[in-house]
Amino acid sequence: MTAEKKTMAFGWRVYGLGVMALSLVCLAWGTFDPGQPVPKAFPNRTALAYAAAAFMLVAGAAVEWRRTTAWGAAALAAYYALIVVILMNGRVVLAHSTEYGAYSGAAEQLAIAAGGLIVYAANARIDAALAARLTRLGQLAFGVCALLFGGAHFFYMNLTTPLVPNWLPPSQAFWAYATGIGHIAAGVAILTGVGARLAAILLTAMYLAFTLLVHSPMLLTDPSSHTNWSESALNIALIGAAWVVADSLAGSSGAIRR
């Protein structure tokens, strides 16, 4: 492994750990992740939830081991893109096409798929040109997700503002708007390639701040909450995905150097 890939591996491993954390929450509660909306009346739903969680755990662990990183990342990219985003969330989007939350919810899952695609492109033994195209596809998908995340802050300001610690100056509303704008700015930068790497790095740092300032205190306040655990795990996965995107933008062209 080159020195560059050793550095990039930190992002890959955070990404894998995030997916593993999501799977462990699913296993602990015996149900699908909230971002994987399967109807409660679906046949053998509980058994399928355990199977999906086990798959996520194995694939996430595979990302952690250098020899199986490409396979694990490919499995996660395919599962999240085809099964979670298209089949599971696609049904929700069609049923609630006028609700912004349906799109931002799907974007959370698409961001994980995008991270997996980029990790696969960086590790698979494929043509360099194909790897560059897959990497750019993952970056573009993540950029769109960032735009949707930012929009959600404004559409659901009444839900976003209370999440900000009330001791953080100058105000909760300020940070709710600032993080929304930050997401949108990062999305535009990643999509256009202007200041893209810096934007992805700052986005990674923002997600890390969310873990420290929002999710960790929520877990300490109510450690029995399934929602708190699933959102904390999702945020770790998003940290990893954003980190992966930032590393993939290290080259001057925005593609992974091989």
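The values are calculated or read from the model by the stated rules, or taken from the named source; none is laboratory data. From a predicted model like this one, the values you see are computed outputs, not experimental measurements. Ideal geometry is used to build each Cβ from the backbone, glycine not excepted, and the neighbour counts take in all protein chains shown. Surface accessibility is based on the protein's heavy atoms, side chains included, excluding ligands, DNA and RNA. Shrake-Rupley method; radii C 1.70, N 1.55, O 1.52, S 1.80 Å.
Quick one: which of A41, A49, A28, A54 is over 25 Å from V245 (Cα atoms) and not in a helix (DSSP H, G or I)?
It is A41.
Tell me whether region 143-156 contains one or more residues that are of a type in the set (A, V, I, L, M, F, W, C) and open to solvent by less than 10 Å² (accessible area, probe 1.4 Å).
Yes; the residues of region 143-156 include at least one that is of a type in the set (A, V, I, L, M, F, W, C) and open to solvent by less than 10 Å² (accessible area, probe 1.4 Å).
Would you be able to tell me the number of residues in region 186-217 that are surrounded by fewer than 18 Cβ atoms within 10 Å (Cβ to Cβ), of a type outside the set (S, T, N, Q) and free of Cβ contacts under 8 Å to residues at least 24 places away in the same chain?
7
Pick out the one residue from A106, A61, A113, A77 that is at pLDDT 95 or above, touching a helix residue (DSSP H, G or I) at 6+ places or on another chain (Cβ under 8 Å), of a type in the set (G, A, S) and open to solvent by 30 Å² or more (accessible area, probe 1.4 Å).
From the options A106, A61, A113, A77, the qualifying one is A61.
Applying the selection to region 125-142, what residues are open to solvent by less than 10 Å² (accessible area, probe 1.4 Å), out of contact with any Lys or Arg (no Cβ under 7 Å at 6 or more places or on another chain) and of a type outside the set (S, T, Y)?
G138, Q139, F142
Counting only residues that are polar (S, T, N, Q) and at pLDDT 95 or above, which one in region 222-258 is surrounded by the most Cβ atoms within 10 Å (Cβ to Cβ)?
S248
When you go through G187, G151 one by one, which is the residue that is farther than 23 Å from M218 by Cα, at pLDDT 95 or above, part of a helix (DSSP H, G or I) and touching a helix residue (DSSP H, G or I) at 6+ places or on another chain (Cβ under 6 Å)?
Result of the check over G187, G151: G187.
Would you point out which residue out of V38, V19 is open to solvent by less than 60 Å² (accessible area, probe 1.4 Å), closer than 22 Å to A70 by Cβ and modelled with pLDDT of 95 or more?
V19
Quick one: what pairs do we get from region 28-40, first residue closer than 14 Å to L82 by Cα and among the basic types (K, R), second open to solvent by 20 Å² or more (accessible area, probe 1.4 Å) and at pLDDT 95 or above, C-beta under 7 Å, 6+ apart or different chains?
Nothing qualifies.
May I ask you to list pairs of residues, at least six apart or on different chains, whose Cβ atoms are under 6 Å apart, with the first in region 61-76 being within 12 Å of I118 (Cα to Cα) and the second being open to solvent by 30 Å² or more (accessible area, probe 1.4 Å)?
Here the result reads T69/N123; A70/Y120; A70/N123; A73/Y120; A74/Y120, each pair linking region 61-76 to a residue that is open to solvent by 30 Å² or more (accessible area, probe 1.4 Å).
Is one or more of the residues making up region 65-72 within 17 Å of the chain's Cα centre (by Cα) and more than 21 Å from F10 (Cβ to Cβ)?
no
Pairs under 6 Å by beta carbon, first residue among the small types (G, A, S) in region 113-136, partner part of a loop (DSSP other than H, G, I, E, B), six or more apart or different chains?
Close Cβ pairs satisfying both conditions: A122/I256; A128/R258; A132/A255.
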